[in-house]
Amino acid sequence: MNYRLFINPKGTMTKVQQVVEGIRKDIEKGNLISGSRLPSITAFSLAHNIARETVEKAYNILKKEELVVSIPGRGIYTTNNIPGKLKILMVMNKISTYKKEIYESFLERLGARASVDIKIHHYDPLIFKEIIEKARGQYHYYVIMPHFFGDANPSTYMPTIESIMPSELLILDKQINMAGDYRSVYQDFHRDIYEAMESAIGSFDKYTDVKLIFPLESHHPIEIIDGIKLFCIRRKKTLEVHQSSEDLKLEMGQLWIALTEAELGALVKLIRGSELEMGRDIGVISFNETVLKELLDITVISTDFRGMGIKAADLVLGNLPKKIRNEFSFIPRGSL
């Protein structure tokens, strides 16, 4: 049998524990069905470059747990254990309307097949590391959102991500350049924002100056600026980036893009207090769709958060090591 596990030589668990946990989880997830033949001790040892004694100890533990049985002259087989409920840990950067939508659609799609615990790392690589270390070996899947402080060096969080077995890892929302057969449903922020704006190019004809409100404390991906900058260069429009909505100078022909709801509210209030008319003299675009923005007739650029949760659940249930780019859309309304 061509059966492989990911053995992390720098992991906190011993290699014996990694083999036991890997096989146990594959049985629980249904990857190893009843009666599956495992590699011999020698074959497993050679395939994973670990000592025969390590494999033998792991197999003996599994035998004591009655997860596998040794049949003389035939080999080692999994027993009739029925796959249990999947245990999933979801680690988000923050709680928001959008994250809640991802979580709820993920949970709904999984149904009774899994239980999901949720933790928040608040953009802090150290908190993220602590969460993963405490949870190690307790879950079948680790679903993470790797959004961290804007000045966070990858060396502060990538080792933690890489310490998770690829077969147990699902990365949501942000794309990570990392080797391995892990699962991912991501936004390509640079490409997404550019293509969304290009899809509605005629809507921008009356605006010459693009103003982006990009609060540093909101920790939005910097790639958003790159996508808008590319659009402005190719469409010969000026771009100016502001860190807040304070002391803004409104003029006819401007297109304002607000990333946060707080900045959007302040911007709309400022426009309504001026002689300019939104959608005629000055344009407004917001990031991420909500019912309130629909009611206020605000143009939105947004990913499909519900679809992201559903796709993630399907990757888990289907045990598919795929990387999927999530849909992004431009929703034109009266503010443009």
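Straight-line reach only, C-alpha to C-alpha below 16 angstrom: list the aspartates and glutamates that K57 could link to, leaving out same-chain residues fewer than 8 apart. The qualifying aspartates and glutamates are E21, E65, E66.
Cα centroids of the stretch 169-228 and the stretch 261-300: 20 Å apart.
Only Cα sites of the stretch 174-322 enter the Debye sum here, all with the same form factor; the resulting log10 I(q)/I(0) across q = 0.14 1/Å is -0.73, listed in q order.
With only Lys, Arg, Asp and Glu charged, each at its Cβ (+1 for the first two, -1 for the last two), find how big the charge dipole of the stretch 15-78 is about the Cα centre; round to the nearest 20 debye.
Numbers: 10 positive and 7 negative charges, 18 e Å.
Here the size comes out at about 80 debye.
Where does the Debye-calculated log10 I(q)/I(0) of the stretch 15-78 sit at q = 0.13, 0.15 Å⁻¹, using only Cα point scatterers of equal weight, no solvent? Summing over Cα pairs of the stretch 15-78 leads to -0.30, -0.40. GNM on the chain, alpha-carbon springs under 10 angstrom: the most fluctuating residue among L315, L110, L216 is L216. Exposure proxy for S218, S286: other Cβ atoms within 10 Å of each Cβ, ordered fewest to most, give S218, S286.
Cross-link reach is defined here as a Cα-Cα straight distance under 20 Å, omitting same-chain residues fewer than 8 places apart; for K236 the aspartates and glutamates meeting it are D192, E195, E198, D205, D209, E223, D226, E251, D281.
A Gaussian network model of the chain, with springs between Cα atoms under 10 Å, assigns the largest mean-square fluctuation among N288, N49, N31 to N49. For the cross-link pairs K206/K311; K15/K85; K119/K323; K237/K323, which exceed 32 Å when the distance is taken from alpha carbon to alpha carbon? Violating the 32 Å Cα-Cα cut-off are K206/K311; K237/K323.
Computed over the chain with a Gaussian network model linking Cα atoms closer than 10 Å, the most mobile of G309, G180, G75 is G75.
Would you mind calculating the gained length between K85 and S218 on full extension (0.36 nm times residue separation, minus the Cα-Cα distance), in nm to one decimal? Working shown, then result.
On the way: separation 133, 0.36 × 133 = 47.88 nm, distance 3.64 nm.
Full extension from K85 to S218 adds 44.2 nm.
To the nearest ten degrees, helix 223-234 and the longest principal axis of the Cα atoms of the chain are 50 degrees apart.
Each of K63 and T156 was given a label point 7 Å from its Cα along the Cα-to-Cβ line. The distance between the two points is 4.9 nm.
Plugging the Kirkwood radius over Cα pairs into Stokes-Einstein for the chain, at a temperature of 20 °C and a viscosity of 1.002 mPa s, what D comes out in µm²/s?
Values: Rh = 22.5 Å.
Approximately 95 µm²/s, per Stokes-Einstein.
Expressed in nm to one decimal, what extension gain is obtained for the pair K206 and E277 from 0.36 nm per residue of sequence separation less their Cα-Cα distance?
Details: separation 71, 0.36 × 71 = 25.56 nm, distance 1.34 nm.
Here the answer is 24.2 nm.
Centre-to-centre, using Cα atoms only, the stretch 98-166 and the stretch 1-78 are separated by 27 Å.
Read the figures in this text as sums done on the coordinates, not as results from a lab. As the structure is a computational prediction, the values presented were derived from the model and not from experiment. Here Cβ is always computed from backbone atoms with ideal geometry, including for glycine, and neighbour counts include all displayed protein chains.
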